[in-house]
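Taking it in order: structure first as structure tokens, then the write-up.
The values are calculated or read from the model by the stated rules, or taken from the named source; none is laboratory data. These numbers come from a predicted model, not from an experiment. All Cβ positions, glycine included, derive from the backbone under ideal geometry; neighbour counts span all protein chains shown.
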Amino acid sequence: MRSFRPLTIATALLAATGLGAAPARAGTAGWHAAWGTAAQPATPTADWYGVNWSQQGFADDTVRQVVRLTGGGSRLRIRLSNVYGDRPLRIAGAVVGRAGTGAAVRAGTLRTLRFHGRASTVIPPGREIVSDPAAVRTAPREKLSVTLRLDEPTGSATFHHFAMATSYRAGGDHLADTRATAFTRSSGSWYYLTGVETSGHPGRRTVVAFGDSLTDGVGSTGGADARYPDRLAERLAAAGRPLSVVNAGIGGNRVLTDSPVYGERALSRFTRDVLDRPGVRSVVVMAGVNDLAAWNETGPVTAARLIEGHRTLVRLARARGLTVVGATIMPMGGSAAHTDGGERIRQEVNHWIRTGGAYDAVADFDHVVADGDRLRAAYDSGDHIHLNDTGYRAIADAVDLDTL
């Protein structure tokens, strides 16, 4: 979903090294994605959201990022991305540990990660890698700290803008430092880290929530893990279902057109962000609202074109044997992005999602949150597009777990 500032559309806006970066899809048997996010190219800092470091990148820095796992196991590995980098990315070191308060790591839990047996690696531009497996036991809802040492200039960083979480930065080498003291700078984005994968839990699989900022969780409370995929993961765990959840939403993302700020179109990134992750069993697709919001900028968007985009996503998923759940597009009446033409298309596409039979199942989020062409007041974060914590919980609770 396009990342609008409330009510204001204007602001919504290896080989060469010999270190042997591993193919991102290598060795997927027995592994599943326990946490993940979608990569996007560097973008300017948004004043209303706070600083991000993507355009300037890093040099002689240590970056610490905290993520909440939705699945566990006896081994783990991380996925790092330089798909939008403009030069080879040197990772001088990487460690994981159990997260403490803020940037702190619980004492005695740090474990060094390796890449083809080495403590460092180089990721060529346009590539992702996975680390070697590490014997670290994890559980669902556990918070993991991932720390990267970047000792050379990185150039612009592959990142994820709207993390709705805090990342930390320290100058110099603080890879083995469990204290928070040196990590004096913070950002609401994730950098290079796009996945944590676990094994040792036979039969466990992954659901990917794919979409825009309404999947990304914009409007939810930062640091509270209150996005709809978070709540969905909690429901699955409480029900004893062996399914993890990965959030592959990108704020501002569109189905049909690329954006230099909001990432490659859904049709282009679906393979990397959904199909290439290990252990995926099903995907929930909630996409299209930005195509409607941007139709005056990108040329005519018709219901037929948007429906065909959804059909393409379904075909791609089915070709890999995945279950595909379609979520209806939620309203944006009262926002700067609303148009009568866009609303007519939204209603037509939603009718197709509900009745067209292309999806294996339907999650009717529109029915849950809509009051006519607007969000119900109790679910509105204030910009008439994004949900608050209560709204995200409501749509997560509307997903039939049996369809996943």
Checklist entry - If we scan region 13-36, do we find a residue that is at pLDDT 95 or above, small (Gly, Ala, Ser), touching a helix residue (DSSP H, G or I) at 6+ places or on another chain (Cβ under 9 Å) and more than 13 Å from ILE129 (Cα to Cα)? => result yes
Item to check | region 303-339: number of residues that are surrounded by fewer than 18 Cβ atoms within 10 Å (Cβ to Cβ), among the polar types (S, T, N, Q) and either modelled with pLDDT of 95 or more or not in a loop (DSSP other than H, G, I, E, B) (or both) | outcome: 2
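Can you report the number of residues in region 355-404 which are assigned to a loop (DSSP other than H, G, I, E, B) and within 21 Å of VAL207 (Cβ to Cβ)?
Selection size over region 355-404: 8.
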Checklist entry - Pairs, please: C-beta under 7 Å, at least 6 apart or cross-chain, first residue outside the structural domain of THR312 (by TED's automatic domain parsing) and under 17 Å from GLU343 (Cα atoms) and in region 359-371, second buried (at least 19 other Cβ atoms within 10 Å of the Cβ) and at pLDDT below 95? => result none
Checklist entry - With ALA119, ALA94, ALA107 as the choices, which residue is within 23 Å of the chain's Cα centre (by Cα) and either hydrophobic (A, V, I, L, M, F, W, C) or within 21 Å of SER186 (Cα to Cα) (or both)? => result ALA94
Checklist outcome for this item: When region 156-174 is checked residue by residue, the ones that are of a type outside the set (D, E, K, R), buried (at least 20 other Cβ atoms within 10 Å of the Cβ) and within 25 Å of the chain's Cα centre (by Cα) are ALA157, THR158, PHE159, HIS160, HIS161, PHE162, ALA163, MET164, ALA165, SER167, TYR168, ALA170
Item to check | Tally, over region 214-255, of residues that are assigned to a loop (DSSP other than H, G, I, E, B) and of a type outside the set (A, V, I, L, M) | outcome: 15
Next on the checklist: Every residue in region 184-201 that is among the polar types (S, T, N, Q) and either in a strand (DSSP E or B) or assigned by TED's automatic domain parsing to the domain that holds SER244 (or both), please.
Outcome noted: SER186, SER187, THR194, THR198, SER199
Item to check | Set VAL130, VAL146, VAL136: member being farther than 22 Å from SER189 by Cα, out of contact with any helix residue (DSSP H, G or I) (no Cβ under 8 Å at 6 or more places or on another chain) and modelled with pLDDT of 95 or more | outcome: VAL136
Checklist entry - From the residues in region 218-275 that are buried (at least 24 other Cβ atoms within 10 Å of the Cβ) and among the hydroxyl-bearing types (Ser, Thr, Tyr), which one is farthest from MET164 (Cα to Cα)? => result SER244
Checklist entry - So which residues in region 150-209 are small (Gly, Ala, Ser) and in contact with a His (Cβ under 7 Å, 6 or more places away or on another chain)? => result ALA182, SER189
